[in-house]
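The values are calculated or read from the model by the stated rules, or taken from the named source; none is laboratory data. The shown structure was predicted, so the numbers you read here are calculated from the model rather than taken from an experiment. Methodologically, a virtual Cβ is constructed for each residue, glycine included, from the backbone with ideal geometry; neighbour enumeration extends over all protein chains shown.
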Ligand code: PLP
């Protein structure tokens, strides 16, 4: 009989988002006439912009008029060029350092393959669940030593003391996941925080996997959108960005990782270029991101595409800010919502995050995400999302006020 990969049995919780979907379905089935304020979604709620849709149409016609088959595994130069021109020119990033993919999630899940199994993983608590789960499946998390804690992982708490963001200390780790602005706390790392992490990575000879999925929401002056603003970052940091949240591509799929040639991993022969290894890996295991998505992404970066995407972002930013201000004015403790679509709400009544989730759903008709789904530090918190329509935001705030 075929044997299971035992690592899959080491996950001690279910992935949070399908559970929330299930709760939503249940609510709709049992309350068909009730209005529900859905602040649980981490997905976009506006359609593709006109410029992006037009580019997809054109690319479809092109594919119908001449054969366009497998593209380069690392992506087409036209998109890499557009990424460099619009974002990375000032950091002197070259075409060979840009790797196009179908989503940050894929790169997060796959990039850890390049590291040896004994590497200690450092990550924020709470954080995007994929950082932990994909390492557990791959057998690099070690053993489950207590609830949601693995022997080969160290957790950088994001709590009141740290300003709800991860900050380095003197514990050692070699693979570091950072997300700024952080999902779920909604707090972004300042220039000073990032400099501390780059310094830590140099000292530890560690690599930072920098998830910048929400960087386009950043508006505070002292918060860089790119980690490469920090001197020395190109030797230690891989930056991952996506068109998912910034241009509504969650259903279309396109993202990219910047892997500077300076990044080296220790080997028995000396050192190896991560850029070379990732190219090797992608050529062997990935057949490339669809041509349509890449043409669409190119259009999203054009001046008109950027303008339209920014109009959508402005609405999400307003919803997040309204949530933050609304809850603050009721006297609740909240953070995030300024540089991020997410608001992180401290549960007021000493309840666990699942209990408060149920209270919000049944009494306020508000769907949120319990903080425990992102790590133990999240158990006294709830995540609310600004990807909702403004009617849902204002309806939810009124309903919460009555609570
Ligand atoms: N990283 C974070 C922090 C996210 O919250 C998400 C999606 O919600 C992703 C990555 C996934 O991004 P993509 O759609 O590019 O796979």
Checklist entry - Could we say that residue 107 is crowded, with 20+ Cβ neighbours inside 10 Å, near the ligand (Cβ under 9 Å from one of its atoms) and under 24 Å from residue 165 (Cβ atoms) here? => result yes
Checklist outcome for this item: If we keep only residues of region 42-74 that are within 16 Å of the ligand (Cβ to nearest atom) and crowded, with 19+ Cβ neighbours inside 10 Å, then the residue farthest from residue 248 (Cα to Cα) is 42
Checklist entry - Counting just the residues of region 18-39 that are without any contact (Cβ under 8 Å) to a residue 40 or more places away in the chain and part of a helix (DSSP H, G or I), which one comes out surrounded by the most Cβ atoms within 10 Å (Cβ to Cβ)? => result 21
Checklist outcome for this item: Checked region 88-102 for anything surrounded by fewer than 21 Cβ atoms within 10 Å (Cβ to Cβ) and within 16 Å of the ligand (Cβ to nearest atom); matches are 102
Checklist entry - Could you say which residue among 314, 362 is at pLDDT below 95, surrounded by fewer than 22 Cβ atoms within 10 Å (Cβ to Cβ) and either assigned to a helix (DSSP H, G or I) or at positive phi (or both)? => result 362
Next on the checklist: Anything in region 317-340 that is part of a helix (DSSP H, G or I), surrounded by 20 or more Cβ atoms within 10 Å (Cβ to Cβ) and within 23 Å of the chain's Cα centre (by Cα)? List them, or say none.
Outcome noted: 317, 319, 320, 323, 324
Checklist entry - Just checking, which of 212, 201, 237 is under 17 Å from residue 93 (Cα atoms), crowded, with 22+ Cβ neighbours inside 10 Å, modelled with pLDDT of 95 or more and more than 11 Å from the ligand (Cβ to nearest atom)? => result 237
Checklist entry - Restricting attention to region 139-151, does a residue exist that is surrounded by fewer than 24 Cβ atoms within 10 Å (Cβ to Cβ) and either under 19 Å from the mean Cα position of the chain (by Cα) or within 16 Å of the ligand (Cβ to nearest atom) (or both)? => result no
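Quick grid of which residues meet (1) surrounded by 16 or more Cβ atoms within 10 Å (Cβ to Cβ); (2) in a loop (DSSP other than H, G, I, E, B):
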| position | (1), (2) |
| --- | --- |
| 344 | yes, no |
| 351 | no, yes |
| 354 | no, no |
| 357 | yes, no |
| 373 | yes, no |
Item to check | Residue count, region 53-70 (criterion: part of a helix (DSSP H, G or I) and farther than 21 Å from residue 303 by Cβ) | outcome: 6
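Among the residues of region 375-392, which ones are part of a helix (DSSP H, G or I) and under 20 Å from residue 25 (Cα atoms)? Before you say what the answer is, go through the steps one by one.
Going residue by residue through region 375-392, those that are part of a helix (DSSP H, G or I) are 376-378, 390-392.
Within region 375-392, just 392 meets the criteria.
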Next on the checklist: Looking only at region 293-307, how many residues end up being surrounded by fewer than 20 Cβ atoms within 10 Å (Cβ to Cβ) and part of a helix (DSSP H, G or I)?
Outcome noted: 4
Item to check | Which listed residue is in a loop (DSSP other than H, G, I, E, B), within 16 Å of the ligand (Cβ to nearest atom) and over 18 Å from the mean Cα position of the chain (by Cα), from 250, 289 | outcome: 289
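Are any residues in region 264-286 over 30 Å from residue 69 (Cβ atoms) and either in a helix (DSSP H, G or I) or in contact with a strand residue (DSSP E or B) (Cβ under 7 Å, 6 or more places away or on another chain) (or both), and if so, which ones?
Residues of region 264-286 that are over 30 Å from residue 69 (Cβ atoms), as a first pass: 264-272.
Of everything in region 264-286, those that are over 30 Å from residue 69 (Cβ atoms) and either in a helix (DSSP H, G or I) or in contact with a strand residue (DSSP E or B) (Cβ under 7 Å, 6 or more places away or on another chain) (or both) turn out to be 264, 265, 271, 272.
With respect to residue 253, determine if the residue is surrounded by fewer than 22 Cβ atoms within 10 Å (Cβ to Cβ), in contact (Cβ under 8 Å) with a residue 60 or more places away in the chain and over 30 Å from residue 144 (Cβ atoms).
Working: surrounded by fewer than 22 Cβ atoms within 10 Å (Cβ to Cβ): yes; in contact (Cβ under 8 Å) with a residue 60 or more places away in the chain: yes; over 30 Å from residue 144 (Cβ atoms): yes.
Yes; evaluated as a whole, the condition is true for this residue.
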